[in-house]
Amino acid sequence: MSGGNWHLIIFFLLLSTIVIMEFGGAIWCLTSRGDFHDEMVSTMEKSFSIYSSDDSVVKKWDKLQKELKCCGTDGPQDYRPLNNVPWSCCSSKSEQHGSCEELMQRGCLTSLNEFIRERLLLIALFAIGAAIVQFPGLIFCEFLLDYQRRPVDLAIKRMSFMVHTIY
């Protein structure tokens, strides 16, 4: 086998491994989209329980609430024990004039869960698309390997035919 064949074989094996990993990753993303809910509930509840005592947690919750346009774990009622709803729970259009007229009613657990589900779906679709684009490369590589093997096989058959006709 010539050096070019080994390069093609290595390329074929690496590309097929990548395609298999992309399909596997896509399957994992699609099947695990709902598996994060329980872990998120416990993590968010732990974090929210120390909300009033840790400034870094307050900053993280404020950032999360602003970016996802949500309030509390399950809604603004989570802040009742604290007797204070943060500004990050105010909808952006109601923050005018230094008062909060309208609170975002959606909880961050729901928003974060949907955010993760959407991202996992996008990752899965991207992985499937990449694998589909790379799949013809596998087919062309196999054709090229077959084409490179074929002239050698024909030459051997011709030589054996010539040997048989001479003797």
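Can you tell me which residues in segment 33-81 are among the aliphatic types (A, V, I, L, M), surrounded by 13 or more Cβ atoms within 10 Å (Cβ to Cβ) and without any contact (Cβ under 8 Å) to a residue 24 or more places away in the chain?
Across segment 33-81, the qualifying residue is only Val57.
Just checking, how many residues over segment 74-91 are small (Gly, Ala, Ser) and either assigned to a helix (DSSP H, G or I) or at pLDDT below 85 (or both)?
Number of matching residues: 2.
Checking Glu142 against (1) of a type in the set (Asp, Glu); (2) touching a residue at least 24 places away in the same chain (Cβ under 8 Å); (3) more than 30 Å from Ile9 (Cα to Cα), only one condition comes out false. Which one?
(3)
Quick check on Phe23: is it closer than 24 Å to Arg119 by Cα and either assigned to a helix (DSSP H, G or I) or under 25 Å from the mean Cα position of the chain (by Cα) (or both)?
Judged against the criteria, Phe23 is a match.
Which number in (1) touching a Lys or Arg at 6+ places or on another chain (Cβ under 6 Å); (2) at pLDDT 90 or above marks the one condition that Met104 misses?
Failing condition for Met104: (2).
If a residue must be small (Gly, Ala, Ser), within 30 Å of Trp61 (Cα to Cα) and out of contact with any Ser or Thr (no Cβ under 9 Å at 6 or more places or on another chain), how many such residues does segment 103-143 contain?
Summing the residues that are small (Gly, Ala, Ser), within 30 Å of Trp61 (Cα to Cα) and out of contact with any Ser or Thr (no Cβ under 9 Å at 6 or more places or on another chain) in segment 103-143 gives 2.
The values are calculated or read from the model by the stated rules, or taken from the named source; none is laboratory data. Please read all numbers here as calculations on a predicted model, not as lab measurements. Positions of Cβ are backbone-derived with ideal geometry, glycine not excepted, and every protein chain shown enters the neighbour counts.
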